[in-house]
Amino acid sequence: MQALLEVILPVFLVIGAGYLAVWRRWISDNAIDGLMDFTQKIAIPTLLFMAISTLDLGAHFDLALLVSFYTGSFTGFTIGLLAGRFVFKRAWEDSVAIGFCCLFANSVMLGIAITESAYGAAALGPNYAIVALHSPFCYGIGITAMEIARSRGTPARQMPAKVLKAMFRNALVIGILLGFAVNFSGLDLPDVATDGLDLVIRAAIPCALFGMGGVMYRYRPDGDFRIIALVCGVSLILHPSITFTLGTLTGLSTGALRSAVLTASMAPGINCYVFANMYGVAKRVAASSVLIATALSILTIWVWLALLP
């Protein structure tokens, strides 16, 4: 109970505040859209840029950490894709969007917030190592699969250009790549620049959580609830279970195991709806999956926190 009150509840209270503010019309939908644009296109990319530009790559980019997390992630995508097509008889395009919901954990808005709340800011190194590859990995898989599904008959040689074009228009990917560029170059940013960026960074997570709550008010549980149940089960149970098992077998350090499992246990992120909306497929399922899984994760995160060393 103490973990729920001290770690999980504050994060979800901020989400709830955003939900309540839109529900009671204290803040407009347009204001929430502007807030989400700020967080997703400026504040969070800035956070990732600064974190990765100063990250000790040798210390935190542990192959076992990445294999443990991304094996579970890719397994979830595969299950969602195949179940969508062959169990629920959805079109291939819908099935890719369902797989993406099982693939894309809310690694930043919730993952970083929960880990920091539970173990402190010093514990976030492994989180940033996971997040550094998260958007490129997930969007790479999702966009490639969707373009294959939509472009039957298109020459294979055109596929890489389509995928790269879509990825390099994503602000998160751009922030991550710029962070790596500064890290590898060994350049130190001027203090005045880092001080200004730090001001933006401080707003990133609180604004993202509040805006997430506001956006979620628009979602109404709708669609095929069997599919939504599958997404919730894969995201909240299967993915962290695979990560926990592989992390334990490969001897991950306690800190790395905590970060990997907690990140894997997060509900699908808002980007799942953005992805579905971008292609105009399975939008109701994606929106409802984000809403319902986020609500259920209040309890499942509590369980994972109790299981972790």
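The values are calculated or read from the model by the stated rules, or taken from the named source; none is laboratory data. Computed from a predicted structure; not experimentally measured. No Cβ is skipped: glycine too gets one built from the backbone with ideal geometry, and neighbour counts run over all protein chains shown. Accessible surface is based on the protein model in full, side chains and every heavy atom, while ligands, DNA and RNA are left aside. Shrake-Rupley method; radii C 1.70, N 1.55, O 1.52, S 1.80 Å.
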### Message
Test of understanding: among Ala145, Ala123, Ala118, Ala132, which residue is farther than 22 Å from Arg202 by Cα and part of a helix (DSSP H, G or I)?
### Response
Ala145
### Query
Looking at Arg226, is it out of contact with any Gly (no Cβ under 7 Å at 6 or more places or on another chain) and modelled with pLDDT of 90 or more?
yes
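Restricting attention to region 143-155, and to residues there that are surrounded by fewer than 13 Cβ atoms within 10 Å (Cβ to Cβ) and closer than 25 Å to Phe104 by Cβ, which single residue is modelled with the lowest pLDDT?
As a first pass, look at region 143-155 and keep what is surrounded by fewer than 13 Cβ atoms within 10 Å (Cβ to Cβ): 152-155.
Now drop any that are not closer than 25 Å to Phe104 by Cβ, which leaves 152, 154.
Numbers: Arg152: 65, Thr154: 60.
It comes out as Thr154.
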### Message
Condition check: part of a helix (DSSP H, G or I), open to solvent by 50 Å² or more (accessible area, probe 1.4 Å) and at pLDDT below 90. Does Ala161 satisfy that?
### Response
yes
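Which residue out of Val192, Val173, Val200, Val215 is open to solvent by less than 60 Å² (accessible area, probe 1.4 Å), among the β-branched types (Val, Ile, Thr) and more than 22 Å from Ile114 (Cβ to Cβ)? Quick ask: steps written out before the conclusion?
Numbers: Val192 fails: open to solvent by less than 60 Å² (accessible area, probe 1.4 Å); Val200 fails: more than 22 Å from Ile114 (Cβ to Cβ); Val215 fails: more than 22 Å from Ile114 (Cβ to Cβ).
Just one listed residue meets the conditions, Val173.
Filter region 10-30 down to residues that are over 15 Å from Ile205 (Cα atoms), assigned to a helix (DSSP H, G or I) and touching a residue at least 60 places away in the same chain (Cβ under 8 Å), then give me how many there are.
Qualifying residue count, region 10-30: 6.
What residue, of Gly111, Gly179, Gly125, Gly120, is more than 20 Å from Val96 (Cβ to Cβ) and exposed (fewer than 15 other Cβ atoms within 10 Å of the Cβ)? Lay out the reasoning, then the answer.
Numbers: Gly111 fails: exposed (fewer than 15 other Cβ atoms within 10 Å of the Cβ); Gly179 fails: exposed (fewer than 15 other Cβ atoms within 10 Å of the Cβ); Gly125 fails: exposed (fewer than 15 other Cβ atoms within 10 Å of the Cβ).
Exactly one residue qualifies, and that residue is Gly120.
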### Query
Which of the residues belonging to region 218-232 are in a helix (DSSP H, G or I) and crowded, with 17+ Cβ neighbours inside 10 Å?
Ile227, Ile228, Leu230, Val231, Cys232
### Hits in region 41-74 (condition: outside any loop (DSSP other than H, G, I, E, B), open to solvent by 50 Å² or more (accessible area, probe 1.4 Å) and not hydrophobic (A, V, I, L, M, F, W, C))
Lys41, Gly58, His60, Thr71
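Could you identify the single residue in Ala287, Ala260, Ala276 that is at pLDDT 90 or above and either in a helix (DSSP H, G or I) or of a type outside the set (Gly, Ala, Ser) (or both)?
Values: Ala287 fails: at pLDDT 90 or above; Ala276 fails: at pLDDT 90 or above.
Result of the check over Ala287, Ala260, Ala276: Ala260.
Please find, among Thr39, Thr78, the residue that is at pLDDT 95 or above and among the β-branched types (Val, Ile, Thr).
Values: Thr39 fails: at pLDDT 95 or above.
When all the criteria are applied, what remains is Thr78.
Take Ala105 and tell me if it is closer than 15 Å to Val281 by Cα and of a type outside the set (D, E, K, R).
On the way: closer than 15 Å to Val281 by Cα: no; of a type outside the set (D, E, K, R): yes.
When the stated conditions are applied, Ala105 does not pass them.
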### Query
Hey, among the residues in region 132-142 that are surrounded by fewer than 23 Cβ atoms within 10 Å (Cβ to Cβ) and modelled with pLDDT of 90 or more, which one's nearest to Leu66 (Cα to Cα)?
Leu133
### When residues of region 250-273 are limited to those that are over 12 Å from the mean Cα position of the chain (by Cα) and open to solvent by 40 Å² or more (accessible area, probe 1.4 Å), the one nearest to Val7 (Cα to Cα)
Arg258
